[in-house]
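**Student:** Pasting a structure below so you can have a look.
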Amino acid sequence: MRNRLSPVLSTATLALLLIPSGVRLASAKAVGPPEVAWKDMTVPQKKAYMKVAVMPTMKPIFQTFDGKKFKTFTCATCHGADGADRKFKMPSNGIHPLPNTPAAFQAKMKEEPTWPKWTEFMSQKVEPAMGKLLDVPVFDPKKPVKGAFGCANCHKLETATP
């Protein structure tokens, strides 16, 4: 019996060792992209996927960026304090709105000393990670694609000034 089981165990062990670090295996209770598109998931499926895939992936990304600010990382970090009341719909009321034009955004980049650091973090770490988790492309202003993940998925845009 040991001889027949040994190749199976060896193969299983080898397979686990070859899985790239940082890749999360889907649990039996959670499905998600690419098996089921985010837009097609039920509310319970989205909740489970957030718990087993999104939170464990995004928490260390934010905490590495600013361990003090993101010491506590919960659903409210992204969805806002009123997230549950809004059924966790995004964009969030709890994240500051962004300028609604490229020119206004560039002006803020020059005016606000922390904006370049935050913009780099969001574009280089947050957007690619969430795009991968949701199995959608990341927004590229040079080649916009419908359904791509970008700033406006989490941030509301400021209303236009007359």
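The values are calculated or read from the model by the stated rules, or taken from the named source; none is laboratory data. As the structure is a computational prediction, the values presented were derived from the model and not from experiment. So basically every Cβ, Gly included, is an ideal-geometry build from the backbone, and we count neighbours across all protein chains shown.
**Student:** Among the residues of the range 37-45, is any at pLDDT 90 or above, acidic (Asp, Glu) and over 27 Å from residue 135 (Cβ atoms)? Let's see the steps before the verdict.
**Tutor:** Narrowing the range 37-45 to residues at pLDDT 90 or above: 37-45.
With the extra rule that they be acidic (Asp, Glu), the set shrinks to 40.
Keeping just the survivors that are over 27 Å from residue 135 (Cβ atoms) gives none.
There is no residue in the range 37-45 that is at pLDDT 90 or above, acidic (Asp, Glu) and over 27 Å from residue 135 (Cβ atoms).
**Student:** Let me ask something else about it. Residue by residue through the range 76-85, note down the ones that are under 19 Å from residue 127 (Cα atoms) and either free of Cβ contacts under 8 Å to residues at least 24 places away in the same chain or acidic (Asp, Glu) (or both).
**Tutor:** Here is the first cut: in the range 76-85, the ones under 19 Å from residue 127 (Cα atoms) are 76-80.
The answer is 76, 77, 79, 80.
**Student:** Of all the residues that make up the range 38-63, how many are under 18 Å from residue 122 (Cβ atoms) and more than 10 Å from the chain's Cα centre (by Cα)?
**Tutor:** Here the count works out to 3.
**Student:** (1) buried (at least 16 other Cβ atoms within 10 Å of the Cβ); (2) over 17 Å from the mean Cα position of the chain (by Cα): which one isn't true of residue 79, the others all being true?
**Tutor:** Answer for residue 79: the failing condition is (2).
**Student:** Which is crowded, with 16+ Cβ neighbours inside 10 Å, in contact (Cβ under 8 Å) with a residue 12 or more places away in the chain and on the phi > 0 side of the Ramachandran plot, of 121, 88, 73?
**Tutor:** Checking each option against the conditions leaves just 88.
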